[in-house]
Every structure is written in structure tokens, then in C-alpha cells.
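The values are calculated or read from the model by the stated rules, or taken from the named source; none is laboratory data. Fair warning: this is a prediction, and the values are worked out from it, not measured in the lab. A quick note on method: Cβ atoms are made from the backbone with ideal geometry, for glycine too, and the neighbour counts reach across all protein chains shown. These accessible areas exclude ligands, DNA and RNA; they are computed on the full protein's heavy atoms, side chains included. Shrake-Rupley method; radii C 1.70, N 1.55, O 1.52, S 1.80 Å.
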Amino acid sequence: MTGDGPHHDGPGARPVTAGREQRGRGWQENLRGYALEVRGSVREGERGPVLVIAGLIVIWCVFQALDDKFLSPRNLSNIGVDIVGTGLVAVGIVFVLLIREIDLSVGSVSGLAGAAFAVLNVNQGVPEWLAVIVAVAVGTAVGAFHGAFHAWLGVPAFVVTLAGLLIWNGLTLYLLGASGTINIDEEGLVASLTSRHFGADAVAYAVAALGTAGYLLAARRRRGRHRAAGMPYRPQGEIWLRTALLAVAAFAAAYTLNRFQGLPLALLIFLVVLVVSDYVLRRTRYGRRVYALGGGVEAARRAGIGVERVRVAMFMVSGTLAAVGGLFVASGLTSASPTTARAAGSGMLLINAIAAAVIGGTSLFGGRGSPWSVLLGVLVIQSIASGMALLGVQDAVQFMITGGVLLAAVAADALSRRAAARSGRSRATPT
Amino acid sequence: MIHPPVLALRGISKRFGGVQALVDVDLKLRAGEVVALAGDNGAGKSTLVKVVSGVSPADRGVIEWEGRPVQIKRPHDAHSLGIATVYQDLAMCDNLDVVGNLFLGREIDRVGILDEVEMERRARDLMRTLSIRIPDVRVPVAALSAGQRQAVAISRSLMAAPKVLLLDEPTAALGVEQTSHLFDLIEEVRDRGMAIILISHNMGDIKAVADRVAVLRLGRNNGLFDVSTVTQEQIISAVTGAADNAVAHRARPDEEAWP
């Protein structure tokens, strides 16, 4: 899941061959090219999703061995809902990490959004839809505030957002101070974000089928256009293999979810956010600027990209998604309380979100990664949390383990970066 | 055959605080020629490039573009005139592939959606017409050698079809073979009628690829030579200040006729 399409890795330097010759390439040639490409990306130190999936399977097996309720449809379905709050926050983090910055305030901002919603809706009687819009807008505004300080005043992002972490957590406690814990309407819009499930089996299967078919059609269309233009394209067999793997995963998930309460609304929203943000980042001019900024600020500036505006925009995205994630967290708890606000300030959500992004393969060093990395990463994080909760592991130990997982993920990121630099150097010799 | 100058600088002066970086510098550049800009460290070569590329505008002096005076106050002004610059650090995004870098800031899109196929096709065409040897246009730039990166950076600057190309010490990081590839590329570009300013320390490079060489010393013109008739010793003595009389070395009589 690299940012920019296939990375062909030809054997040494050769002139780029033109359309006619490429068209003649048989599928064996294409397959060989693809094998080289995979080998190249491993050598360049790019971690594919395979390693994370393997890790996830190990984690599931271990917890299942310790407690046979872990892989029950009920628990898996709950994990599917619980990943959404952290996952949405982590998608925001991905946008910021891609431009090689960090947003440490997302935990506090999500707490602030939850509190703002609860105060407005429950205490002030503002209609729910309006309170939701205001809460999300608060997140966007906070992000713009951070971005402006960083981009236009040149304050390092980690300091701005570290200050933000305290400021917004303080504001949350201040808002809740008068009323203490606010319980939100359990039948309301926000509560239904996490409680609503599509009971009919058909819904989950339809989503699985749509996703698979959409992938297949897009891949085939892409292949067709490359082929028509006489350029290298993925072999037919590979597209079918990828589609088959996706179909197995999607239908297995749908089957499992249907054995409990059906497809959770929260999960559907999360998947839509992932698809849309991935598309925007990889396929639009706007997304290209984001990757460019992560790859080289000076290069981006000289190419005429408004670096400051992109920076502010990324912090706005991260603030917005933190607020949306915060609404899902509040929805899961059906309350906003000083206790949870303090927990948000302690950074657990922040650490989980950063860990989810980095475990999935988004680099802390900018320019590499994708929103999809969050799905795998947050599954790992939430599976560990859920397993430990099932086993009744105390908080103190959970903190240490989560911190350790984050450290391991970051170390792997740094190592893969070094591997990439090494292979870059070895190839920098004259050809 | 003598073309009219595409770019003419007259009396360019630039001061940084207490340092007078450029004093009354003149330079003319015709289509289809390579002018080397030589000079010791601190002679004002990079400052002159920054003036022309709009990164740091001149305090005084006239810049004429195809015979009419123009203002270059921002990089954007230089771009829109048709002046492209390849800096020594190349300034590329290592994480993006060759296609992504070539089209950075001028992507081809259809209603905001990138047209990767068209960009890749044009990138392949460009690499082929310039005979640039890289593994593939879809490899990240980080995986290319120094010479390949240089070639990509130059072809990137050609995307906007400029009339003047500024190359800041392009051979500094290259090996012998890569340098000769680069010279092939420079000649290819020159033969298409582009004017090139080549900043270089290296007398061998200057003799190999430049048509004329303009020497700067302490921010002033200190000689303008025709490369085919000048010796390396003459250039070096102008660079080091052993020969300070610039006018005596004027290469062509027509230079004097410039108003």
C-alpha cells in the first residue's frame, strides 16, 4: 500500500522503452516485472501489509488460546465498533504525518468535541444535528488555529499541539465543570452512531460485494487504460488474486458480523471515510501536494505549491477527524464526563491513534503511508486492548503494553527508513 | 548567425546588508547558446542566478527579455517569462516517482482527478526524446543515482518549455560518465534553441560544453570569452584576478555595440 502505484524495479538502468515494445510484453514478462517489484520494495525497506496481517493473526491466536470468547462474533463485532473512534482520529493523524508533522492535541480535541456536543444538546437544548455540526466545526477551527501558529508563525507543530493538548483539555474540563457527567440521549443520533447495526444479513453481504466489485472494476479499468496507452500493466491473474483475497476477507467479516447483530453503522462510516480519504490522497492534485510536502518542502515550494496553506489544511483535517472520532467515543460511552476528559488528556487516545497509523505502515518521517494503514493498525491496537480487557489485565499493565507496542512500531519505521536509505545509497553509484 | 539576445542584464547591482554582492553586472544570452558563468566562491554567481530566477531580485539594473525591459520580482515572474532553474540541491520529492516529480505543481487532471496514464505517457516520451536512461518512470526518485536525478531534474525544468535554463553547478555531484551524459543532454537542449546559463567551477566542463564564458570576480564582470579561442589559463587568470581588465577580453565586437 505505497502511495504511488506500482514501483517497477528494472534490472539496472535501461532506457525507458516506448509504447510499441511494451505492448509486446507477454504476461510472463509482466509477472517477472512484478516479482522484481516486490523484491525491490522489500529491499527498499517498505513494509507491506503482509507483516501486519501476520502479526494480527498471531495476536488473535494468542488471545483466543487464553480466552475462547475472544474470537466470538460478539467480541469481534464489538472490536469492529470500538476501532472506529480511534480509527477516525488516526486517519487525521495520517494526513499530518504525511507532511512530516505531528498533532499531539487530537485526544484533547476529541474530548472537547464530545463535551461540546453534550453541553449544547443536553444542557442547552440545541437540536442534535446542529450540536453535531458545531462540535465538528469546533474541531476544524481548533485545527486551523494550530495550523496557523505552525505555518505562519513558524512554531514547531509538536509544541503548538502540545500546548493545544493542555488548552483544549482544560477547556473541556471547564465546560463540564458546572454539570459534571452529562449523559447523552440513548435514542439519539449520536448514540446511534455506535449502537445502530444493520440487522438484515443482506446489508453486510451487499457492502462486501460492492467493495469487492468496485475494486475489481477499478483495477480492470486501470489495466485497460494502461494497456491502451501501451504502458506496463498488472497481469490479469494478479488482479483476480487480489480481488479473491479481498473477497474472502470482506465476506468472512460480513459473515461474522451477521452472526452477532449485523453490520455496525460505525464500521460502515469508517470504511467510507477510508475509501474517500485514500482516493483524495492518491488520485487528486490536492493529495499529490500532501505527499510532495512530505517528500521535500523545498521541492514543493519551488513547484509553486502553497506550502503554508497545505499545512493549515492538514491540521484542519486532523482536527475535524479528531472531533468526529470524539463523537464516536462519546457515543460509545453515551456520556461526556470529567473522568473521560481527564483520560483523553492523559494521552491514551492520542497514543493509540499514532500507534495505529504507524503500525499500519505510515511513516513518522513523512511522505509515506495511506489511510488504509489505519485499518490494520487500529485492529492490532484494539485487539490487544480488547484481549487484555477480557483477561482482566489492570490498567497499569495495559499502559505499559500499549506504550511498548507504539515504541516497537516506531522503531520498525525508523529501521525501514534506514534500510531504504541504504539501498538508495548502494544504487547511487554510477551505473 | 547571430540571434538577438533572449535575455540581457545591464548594470545589475545587489547588496546584502554591508556586502555588495553584485556591482554593475552585464550579461547577454542568445537562443541556442551555452554561457558558462565562472568565478571564485563569493564572486556573485549564485546571487546572479537568484536575481534572474526571481528568488532575490536586483536592487538596481535593467533586465531585458527579448529586447524589452521586464521586472523579475518573484520566481513566478521568471517562470512566466520562460526562465527555468535547476538548483544544485535538485529539490525533488524523494518519495514520489519520476512521473510525480516531473509533473509536480502542474499535474494533468480531469476535474481534479489525476490523469496518471497521460502523465506517465508524456513522461516516457520525454525520457525517450532526451535519451535519458533511468530504470523506469515509476521508480521513486530516491532510488535513482545522482546522474539520473540530475537528468530528471533538468527534464522537469523543461516541462514548461522554457527559453532560458539556469543550471547551478550541475556536475558537482556527478562522476565522469554521468557528466558526459549530462553534457549530451545540455547539447541536446541547446540544439533545440534554448539558451543555457551554466554555473561551473570546472574549467574542463566549461571547455567541453559552453560556447562563451562570463567571469565574475568580487561581484563585477571580469571578462567574457569565446570558449573556442580562449585558453584555460586566461579564464583562470580572470577568475583569480590576475587579469583585471575585462574589456580587453571581450570576445565579439558586437558586444560593444550593445547600447
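Please sort A:263-270, B:129-136, A:209-216 by packing, taking for each peptide the average over its residues of neighbouring beta carbons within 10 angstrom, highest first.
By packing density, highest mean first, the sequence is A:263-270, B:129-136, A:209-216.
Measure nothing but the geometry: give the 0 to 90° angle between the long axis through the Cα atoms of A:395-427 and the longest principal axis through the Cα atoms of chain A, rounded to 10°.
That helix lies at roughly 20 degrees to the long axis.
Counting only other chains, and only Cβ atoms inside 10 Å, what mean value do you get across the residues of B:82-95?
5
When chain A is treated as a GNM, springs tying every alpha-carbon pair under 10 Å, which of A:Gly87, A:Gly125, A:Gly332 comes out with the largest mean-square fluctuation?
Highest fluctuation of the listed residues: A:Gly125.
List the residues, sorted by chain then number, that are 5 or more residues from B:Leu7 or on another chain and whose placed amide H is less than 5 Å from its amide H.
Result for B:Leu7 returns B:Leu29, B:Glu66.
Go ahead and run the numbers for FRET between B:Asp184 and A:Ala249, Cβ-Cβ distance against an R0 of 51 Å, rounding to 0.05.
Efficiency computed from Cβ-Cβ geometry: 0.50.
Would you compute, from DSSP H runs of 4+ residues alone, the mean residue ellipticity of chain A at 222 nm, taking -39500 (n - 2.57) per run and dividing by the full residue count, rounded to the nearest 500?
-25000 deg cm²/dmol
Per residue of A:367-377, what is the mean number of Cβ atoms on other protein chains within 10 angstrom of that residue's Cβ?
1
So what is the relative contact order for chain A, in percent, with contacts set as C-alpha pairs under 8 Å and at least six apart?
33 percent
Starting from the 7 Å offset along Cα-to-Cβ, what nm value, one decimal, do you get for the label separation of A:Phe365 and A:Val126?
Here the answer is 4.4 nm between the modelled labels.
Dipole size in debye (nearest 20) for region B:86-192 around its Cα centre, Lys and Arg Cβ +1, Asp and Glu Cβ -1?
For this selection, approximately 220 debye.
Kindly identify region A:51-134 as rounded, prolate or oblate by the Cα gyration tensor criterion: order the square roots of the eigenvalues as a ≥ b ≥ c, call it rounded if a/c is under 1.5, otherwise compare a/b with b/c, prolate if a/b is larger, else oblate.
oblate
Determine the share of region B:1-84's accessible area contributed by carbon and sulfur atoms, expressed in whole percent, with a 1.4 angstrom probe.
Heavy-atom surface of region B:1-84 belonging to carbon and sulfur, 1.4 Å probe: 51 percent.
Tell me the angle of helix A:236-258 to the major Cα principal axis of chain A, expressed in degrees between 0 and 90 and rounded to the nearest ten.
Roughly 20 degrees, rounded to the nearest 10.
Where the centroid of each part is defined by its Cα atoms, how far is region A:108-186 from region A:56-74 in Å?
Between the Cα centre of region A:108-186 and that of region A:56-74, the gap is 36 Å.
Per residue of region A:111-124, in order, report the coupling 6.51 cos²θ - 1.76 cosθ + 1.60 (Karplus, θ = phi - 60°) as ³J(HN,Hα) in whole Hz, putting x for Gly and Pro.
Each residue's phi maps through the Karplus curve to give x, 4, 4, x, 5, 4, 4, 4, 4, 5, 6, 7, 7, 9 Hz.
Can you pull the one-decimal nm distance between simple spin-label points at A:Ala408 and A:Val275, each 7 Å off the Cα toward Cβ?
3.3 nm
How would A:Val317, B:Val139 line up by accessible area, probe 1.4 Å, largest first?
A:Val317, B:Val139
Taking amide hydrogens as modeled 1.01 Å from N in the peptide plane, which residues meet the under 5 Å criterion relative to B:Leu166, leaving out close sequence neighbours?
Long-range HN contacts for B:Leu166: B:Ala84, B:Thr85, B:Val86, B:Ile197.
What FRET efficiency comes out for the pair A:Ala206/B:Arg106, r = Cβ-Cβ distance, R0 = 25 Å, nearest 0.05?
It comes out at approximately 0.05.
Restricting to Cα pairs below 8 Å that are 6+ residues apart, what does the relative contact order work out to for chain B? Please round to a whole percent.
Across chain B, relative contact order equals 25 percent.
Quote the relative contact order of region B:81-208 in percent (integer), defining contacts as alpha-carbon pairs under 8 Å separated by 6+ residues.
34 percent
What is the distance in Å between the Cα centres of region B:135-210 and region A:312-381?
So the two Cα centres are separated by 45 Å.
In the Gaussian network model of chain A, springs joining C-alpha atoms below 10 Å, which of A:Val310, A:Val138, A:Val397 carries the largest mean-square fluctuation?
A:Val397
Rank B:Arg15, B:Arg128, B:Arg149 by mean-square fluctuation in a GNM of chain B with C-alpha springs under 10 angstrom and give only the top-ranked residue.
Comparing B:Arg15, B:Arg128, B:Arg149 in the GNM, the peak value goes to B:Arg128.
Show B:Arg217, B:Arg156 ordered by accessible area, largest first, where the area counts protein heavy atoms only and the probe is 1.4 Å.
B:Arg217, B:Arg156
Within the set of other residues whose C-beta is less than 15 Å from the C-beta of A:Glu308, count the net charge using Lys and Arg as +1 and Asp and Glu as -1.
The answer is +4.
Within a 10 angstrom radius of each residue's Cβ in B:142-150, how many Cβ atoms of other chains show up on average? Whole number is fine.
Averaged over the peptide's residues, the number is 5.
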